[in-house]
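Beneath this line is the structure, given in structure tokens, with notes to follow.
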Amino acid sequence: MSYLWLLWLLLATVYDARQRRIPNWLVLVGAATALTALAMNAQPFGIKWPEALTGSALGFGFLLLFYAAGVMGAGDVKFAGALGLWVGATPLVPIWIFASLLAGMHAMLWLALQRLTWFPRLTLMLSGRPGAADAPGARKHTRPIPFAAYLAVAAAVWMVWGRQR
């Protein structure tokens with residue numbers, strides 16, 4: 001099951017990094033796989049139903065505040081809820097901290113590159129889909145930071161190194 005989890009994290013990372021959105025089908029696949037692992041007693045991190053449900057509620061509820069403030073997309077919130085089903089409540093704090101550090105570095109690099117015009121393609125890549133804001137019918141409010149991708153990377157790092165303590 002941990003390979004399915006890593007595959008789900010990889011898909012989320014690639015999708016969010018390229019499209020700046022997490023589709024509902026991807027969140028549902030992750031949540032359904034986590035629930036199936038719990039039901040089959042094949043959960044790769046040894047957590048049980050109460051911890052998984054608490055992790056899901058905490059992941060969803062905490063990031064919902066950022067969505068309500070208009071600084072995070074709904075896909076990031078839903079992804080955090082599904083991620084909580086996999087890891088439970090306890091690992092979410094270090095995962096959030098590491099993901100926030102990665103997102104902060106992304107933001108600082110993006111802001112610096114906007115001021116320095118030496119790397120225009122890198123600036124476009126960090127800002128989201130190149131030219132998407134100019135397309136007809138494009139969203140007016142784009143989200144340059146793919147936070148779900150950073151959550152997925154932080155969760156994979158936690159799986160490899162964080163659990164060994």
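Looking at (1) farther than 14 Å from Tyr150 by Cβ; (2) polar (S, T, N, Q); (3) touching a residue at least 24 places away in the same chain (Cβ under 8 Å), which one does Thr13 not meet, given that it meets all the others?
The single condition Thr13 does not satisfy is (1).
Going by what's in this entry, would Met105 be described as modelled with pLDDT under 95 and crowded, with 19+ Cβ neighbours inside 10 Å?
no
For the range 71-95: of the residues being touching a residue at least 24 places away in the same chain (Cβ under 8 Å) and among the small types (Gly, Ala, Ser), which is farthest from Leu11 (Cα to Cα)?
Of everything passing the filter in the range 71-95, Ala89 is farthest from Leu11 (Cα to Cα).
Please go through the range 14-30 and pick out each residue that is within 24 Å of Leu102 (Cα to Cα) and hydrophobic (A, V, I, L, M, F, W, C).
If the condition is that a residue be within 24 Å of Leu102 (Cα to Cα) and hydrophobic (A, V, I, L, M, F, W, C), then Val14, Ala17, Ile22, Leu26, Val27 are the ones that fit.
Taking the condition modelled with pLDDT under 70 and loosely packed, with under 14 Cβ neighbours inside 10 Å, does Ala138 pass?
Judged against the criteria, Ala138 is a match.
Going through Phe66, Phe79 one at a time, which residue ends up being among the hydrophobic types (A, V, I, L, M, F, W, C) and surrounded by fewer than 18 Cβ atoms within 10 Å (Cβ to Cβ)?
After ruling out the rest, the residue left standing is Phe66.
Yes or no, residue by residue, for (1) aliphatic (A, V, I, L, M); (2) over 21 Å from Asp16 (Cα atoms):
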residue	(1), (2)
Leu38	yes, yes
Gly75	no, no
Phe98	no, no
Leu102	yes, no
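Among the candidates Ala39, Ala12, Ala52, Ala31, which residue alone is surrounded by fewer than 18 Cβ atoms within 10 Å (Cβ to Cβ) and either of a type in the set (Ser, Thr, Tyr) or modelled with pLDDT of 95 or more (or both)?
Answer to the check: Ala39.
I need a count of the residues in the range 27-43 that are assigned to a loop (DSSP other than H, G, I, E, B) and either of a type in the set (A, V, I, L, M) or in contact with a Phe, Trp or Tyr (Cβ under 6 Å, 6 or more places away or on another chain) (or both).
Looking only at that region, the number is 2.
Given the structure, is Ala99 of a type in the set (Gly, Ala, Ser), out of contact with any Lys or Arg (no Cβ under 7 Å at 6 or more places or on another chain), in contact (Cβ under 8 Å) with a residue 12 or more places away in the chain and under 24 Å from Pro144 (Cβ atoms)?
Taking the combined requirement at face value, the residue satisfies it.
The values are calculated or read from the model by the stated rules, or taken from the named source; none is laboratory data. Remember, predicted model here, so these are calculated numbers, not experimental data. Note that each Cβ is placed from the backbone with ideal geometry, even for glycine, and that neighbours are counted across all protein chains shown.
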